[in-house]
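The values are calculated or read from the model by the stated rules, or taken from the named source; none is laboratory data. None of these values were measured; they are calculated from a predicted model. Neighbour counts run over all protein chains shown; Cβ positions are idealised from the backbone, glycine included. Keep in mind that these areas ignore ligands, DNA and RNA; they rest on the heavy atoms of the full protein, side chains included. Shrake-Rupley method; radii C 1.70, N 1.55, O 1.52, S 1.80 Å.
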Amino acid sequence: MIAGRISSQRHLRIASACRWVVFAILCLLPGTLRAQTVNGVVISGLDSSSVAGVSVLMHRITADAGEVVDSTATDASGRFSFSMNGSDDPSALFAAGALNDGVNYFGPAMHAGMELPDTYTIVVHETETIDGTLADSRIMLRHVVVSPTAHGLVQITEVIDVAGVPGRALATASVVDPIWAIDLPAGIESWTPVAGGLPAEAVSLVGNRVEVRAKLPPTGMRVAYAYFREGPEIELPVLHPTDRLEVILVGADEENLVGLSPGSSADLPPASNAKRFVATAVEPGAEIGLTLESESAPMGAVMIWVLIGLLLLVAAGVSAVLARRAAA
């Protein structure tokens, strides 16, 4: 009987110890089961003063989607705080964005369990009004995906990262004038904006010209669209100075390269039968193009969009590198 009581007490002590061990382990897990508080401030890029009364949104980004999970406004000292909880998906990323004068400025990305800065800082900028369309804007990276279709047309998708003006956002004085525009070749059909760039309502096709009516943040913007046109000759008008232009040819062979050189295709999916052609430091008015061989076989639409999705993911990183080099 005594031995039974001793055994029972031993089991209780072991169970209690196990509970404390489990509790300690859970506390040490990097943010998977406990919320972290993000303490931040919004400051002006002009003089580093705090900005009060600015709307701040906490964005949660996963592999499947992005959503706003919380919102607040900065207090009189420009400060704000959020609770970040990644327990349902430890791989999720978080970023706080401050909406100032119609432009969303983001702070650095975070993930649950990381060591957060004492102060999460978001820098916002004032908007400068210009007369007419920005004429001297620079393109950091222009991806052009080209592929023949089963109907004899060529599908072309472009992902363009436009450089901003450091320290200020730009807007046009008139809503009629686009802030930025680019020319397309004649004879295009079924033009449409592509997800991953600016909102569809900010981008339109006027004649053979893509026009953007939105504010240009100092960090730049991304424009993405797709269209069809007849081949086999593909010409790409160059209206802006371009740091790097890449043509990804999918499911086709090329001839008569104009202004383009073969580039590395090692990072492209092997099943896509894709080739990369590159031009750097391209000046306005330069001739860029190629001819598709008439016997090329069309590539499946699914593979094309898989490739375009890949380019959307990598373009931001490449543009950031180019921007840093330009600023150096």
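Pull up region 131-150, narrow it to residues that are closer than 12 Å to LEU245 by Cβ and not charged (D, E, K, R), then point me to the one that is surrounded by the most Cβ atoms within 10 Å (Cβ to Cβ). Of everything passing the filter in region 131-150, LEU141 is surrounded by the most Cβ atoms within 10 Å (Cβ to Cβ).
Inspect region 100-107 for any residue being of a type in the set (A, V, I, L, M) and either touching a residue at least 60 places away in the same chain (Cβ under 8 Å) or exposed (fewer than 15 other Cβ atoms within 10 Å of the Cβ) (or both) and give the result as yes or no. Yes, some residue in region 100-107 is of a type in the set (A, V, I, L, M) and either touching a residue at least 60 places away in the same chain (Cβ under 8 Å) or exposed (fewer than 15 other Cβ atoms within 10 Å of the Cβ) (or both). Filtered by the rule that a residue be over 23 Å from LEU170 (Cα atoms) and of a type in the set (Lys, Arg), region 191-242 gives a lone residue, ARG229.
Does region 174-192 contain at least one residue that is part of a strand (DSSP E or B), touching a Pro at 6+ places or on another chain (Cβ under 7 Å) and touching a residue at least 24 places away in the same chain (Cβ under 8 Å)? Walk me through it before giving the result.
Keep residues of region 174-192 that are part of a strand (DSSP E or B), which gives 180-183, 188-192.
Subsequent filtering for residues that are touching a Pro at 6+ places or on another chain (Cβ under 7 Å) retains 183.
Filter again for touching a residue at least 24 places away in the same chain (Cβ under 8 Å), leaving 183.
Within region 174-192, one or more residues are part of a strand (DSSP E or B), touching a Pro at 6+ places or on another chain (Cβ under 7 Å) and touching a residue at least 24 places away in the same chain (Cβ under 8 Å).
Residues that are of a type in the set (D, E, K, R) and over 18 Å from VAL159 (Cβ atoms) do occur in region 243-254.
Screening GLY187, GLY164 for residues that are surrounded by fewer than 16 Cβ atoms within 10 Å (Cβ to Cβ) and modelled with pLDDT of 85 or more leaves exactly one candidate, GLY187.
For region 228-274, which positions are hydroxyl-bearing (Ser, Thr, Tyr) and either open to solvent by 70 Å² or more (accessible area, probe 1.4 Å) or in contact (Cβ under 8 Å) with a residue 24 or more places away in the chain (or both)?
THR242, SER264, SER272, listed by residue number.
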